[in-house]
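Worksheet: one structure, shown below.
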Amino acid sequence: MAKETKLTLKEARILTMRGYKIWWQENPAIFISVLLHNTVLGITPYVAIFFTSRIIDEIAGMQNRVALRNLVLMTLASALILGLLIAILNRWKSTYMSTIWRRQEAILNKKMLSMDFMSVDDSRIQDLRSQITQNTMWQSWGLLRLVHIFESVTRGLVISIGGITLTAGFFTATVPEEAGRLTILNSPLSTGLIIFIMLVAIFLAPVLTSKAENRSVKFAGEMKFINRYFNYIHTMTDSAKRLDVRMYQQNKMINEVRKRAGRFSDRGLGKDWVFGWASVIMTLSEAVTQAFIGIVYLVVGLKAWAGAFGIGLATQYIASITALSKGISTLVEALGELKNNAEFLRTTFEYLDEPNHMYQGSLTVEKREDNKYEIEFRKVSFKYPTVDTYALKDVTLSFRVGERLAIVGENGSGKTTFIKLLCRLYDPTEGEILLNGIDIRKYDYHEYMDIFSVVFQDFKLLAFGLGENVAAGVDYDKVFARECLEGAGFGERLATWEYGLETNLYKDFDDKGVEVSGGEAQKIALARALYKDAAFIILDEPTAALDPIAEHEVYSRMNEITEGKTAIFISHRLSSCRFCQDIVVFDEGELIQQGNHDELVAEVDGKYHELWHAQAQYYVD
């Protein structure tokens with residue numbers, strides 16, 4: 001990937017505003033709840049400061065019991081009301097804030113599902129998606145960080161406004177003439193100098209913090225690797241890997257690899273935070289903050305000592321100026337975060353802006369009750385993006401509904417690529433594919449895909465109900481779902497399940513869920529293809545996980561299962577070809593043979609003859 005140019009402030013602002021627009025469209029209540037909660041939360045300490053200073057003045061001064069009682073009651077009442085409001089608003093805000101990670105995932109997944117499959121299959125897009133995930137895990141950078149920054153900005157604004165309100169009196173309070181040389185504090189020059197020193201201290205601390213955080217941004221690539229590494233280690237405990245990990249003690253190898261990688265040692269990334277410039281900058285930031293607090297106590301103490309105001313107001317000014325400093329610091333840090341975060345938003349929007357290149361078409365696919373469809377490949381060639389060699393070359397082939405077609409060939413011969421083109425997951429690089437004489441690119445994309453049911457070799461079942469898996473939906477025809485499962489050879493197993501179609505697969509969400517074997521999962525996937533009731537059924541290694549008896553059972557039912565439909569088999573087990581009227585043989589991306597089983601076996605110099613006898617030798621003496 002090309003090295004990215006440094007973002008300008010204008011670009012950062014545009015990316016940030018676009019990010020907030022996405023969140024506002026997703027759910028504006030997130031911002032409203034945060035704003036109201038932070039407003040009340042920011043005001044609350046100032047109410048306490050205000051009443052506390054008046055109580056102190058009353059105790060130190062007139063000591064009017066009625067006035068003191070009223071002040072105490074007002075303090076308690078305001079604390080009670082504001083505390084109740086904060087609790088209610090915090091519950092409301094927390095409800096929305098707890099959903100933002102899932103909402104971000106929904107935004108990203110929605111884009112993934114709307115992309116051309118060729119984009120989804122592209123390693124560049126997969127890398128972008130991985131980067132976004134790693135950025136989120138590394139300090140929530142990207143869209144997620146925008147919500148947290150908004151929370152910081154609103155909190156900083158409210159605290160700053162409250163601090164200014166209660167601090168204003170400090171600068172207008174005058175030292176009496178009898179204070180002697182301390183009357184210099186009344187000078188506009190002195191006031192301006194005090195404000196200047198305070199502002200420098202207030203702004204310098206968050207600027208330094210932002211600089212330190214910027215160094216963490218530079219380590220983002222490193223942290224993405226570390227997160228990816230540890231995530232991978234975590235997956236070593238899943239069901240697909242844990243047997244190998246246990247038998248070969250791979251955990252020892254993982255630990256050794258981790259030790260050799262300096263990233264995970266005290267000489268790695270953490271060193272900069274503990275001993276490097278990042279730690280120096282953070283230390284300076286904290287030193288400036290503490291120095292500022294000292295200046296506040298000194299200046300306020302001098303004016304109070306000189307008689308400009310009493311001890312109560314002195315308490316108010318110290319507390320409010322310190323709070324004001326915190327509010328402004330929060331704002332400055334948030335602005336720095338926005339600039340740093342924009343770098344990660346660029347990655348997010350590169351992913352979200354990925355265009356669809358495949359023409360979607362507009363023609364309606366004819367809904368034929370007799371399923372009379374004909375597919376024709378005309379001199380079709382295809383090569384994957386960024387690859388120079390052809391995966392398929394000059395393929396010409398036609399077949400009608402009702403036929404059973406077997407596609408055979410060695411690994412990498414082009415079989416799966418042929419199916420991807422047929423289903424229009426990709427478009428041909430050269431040539432055209434026709435449905436009933438019309439280029440498939442002219443048909444409505446989703447209507448065209450509806451005429452295919454596919455069981456891919458790496459199919460996935462979800463940890464939901466059996467019936468939901470078969471129907472690929474929540475609402476489904478239970479009678480038909482059961483028929484499809486029986487047709488796929490799963491009827492006997494289903495009869496043993498207490499909850500029938502309502503049984504959850506696997507135990508991810510249900511302790512009573514059922515773990516199914518590879519062969520059982522393959523039957524369920526076949527039932528799902530049957531339930532769709534499409535004109536074409538495509539089975540990629542449909543019996544790979546089945547034992548020979550179960551395989552024979554499935555193929556024996558194939559006439560019944562595929563009645564009135566076109567069945568296309570991709571298989572390495574050539575015994576399945578006996579059930580097919582037509583067989584096509586691929587080799588190095590080219591269609592080199594076509595015919596029925598007997599015809600192709602008879603061609604002693606042909607590829608099919610070679611493949612058949614290579615397998616047959618293990619079954620015949």
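Only the coordinates and a few stated rules stand behind these numbers; no lab work does. Given the structure is predicted, the values throughout are model-derived calculations rather than measurements. Reconstructed Cβ throughout: ideal geometry from the backbone, glycine too, with neighbour counts over all protein chains shown.
Over the Cα atoms of segment 432-483, the radius of gyration divided by the Kirkwood radius equals 1.11; this is the Rg/Rh ratio.
Relative contact order of segment 291-424: 13 percent, from C-alpha pairs under 8 Å at least 6 residues apart in sequence. If one computes the Cα centroid of segment 309-387 and of segment 7-61, what distance in Å separates the two points? Comparing the Cα centres of segment 309-387 and segment 7-61, I get a distance of 24 Å. Peptides 304-317, 441-454, 334-347 ranked from most to least packed give 334-347, 304-317, 441-454, packing being the mean of other C-beta atoms within 10 angstrom over each peptide's residues. Projecting the Cα atoms of 527, 503, 479 onto the charge dipole of segment 458-533 (Cβ charges, centred on the Cα centre) puts 527 farthest toward the positive pole. Over segment 48-92, the pair-distance histogram of Cα-Cα distances with 5 Å bins from zero comes to 5, 23, 24, 18, 10, 9, 6, 4, 1 percent, rounded to whole numbers.
FRET efficiency for the pair residue 79 and residue 113, taken as 1/(1 + (r/R0)^6) with r the Cβ-Cβ distance and R0 = 56 Å, rounds to 0.65. Once the Kirkwood radius over Cα pairs is known for segment 1-147, the Stokes-Einstein relation at 4 °C and 1.567 mPa s delivers a diffusion coefficient of 66 µm²/s.
A Cβ-based charge dipole, computed about the Cα centre of segment 1-154 with Lys and Arg at +1 and Asp and Glu at -1, lands at about 180 debye. Taking the centroid of alpha carbons for each part, segment 436-461 and segment 106-147 are 26 Å apart. Taking other residues whose beta carbon is less than 15 angstrom from the beta carbon of residue 153, and scoring Lys, Arg as +1 and Asp, Glu as -1, yields +3.
Of 407, 55, the sequence from fewest to most neighbouring Cβ atoms within 10 angstrom is 55, 407. Take each peptide in 158-171, 527-540, count the other Cβ atoms within 10 Å of every residue, and average; sorted highest first, the result is 527-540, 158-171. Computed with the Debye formula from one identical point scatterer per Cα of segment 135-197, without solvent, the log10 of I(q)/I(0) at q = 0.12, 0.13 Å⁻¹ comes to -0.55, -0.58. Pairs from the table (460/523; 523/607; 512/532; 93/507; 415/607; 111/383) lying more than 23 angstrom apart at Cα are 523/607; 512/532; 93/507; 111/383. Across all Cα atoms of segment 458-533, the radius of gyration (one decimal) and Dmax (whole number) stand at 10.9, 32 Å.
Of the peptides 319-325, 360-366, the ranking by mean beta-carbon count within 10 Å, highest at the top, reads 319-325, 360-366.
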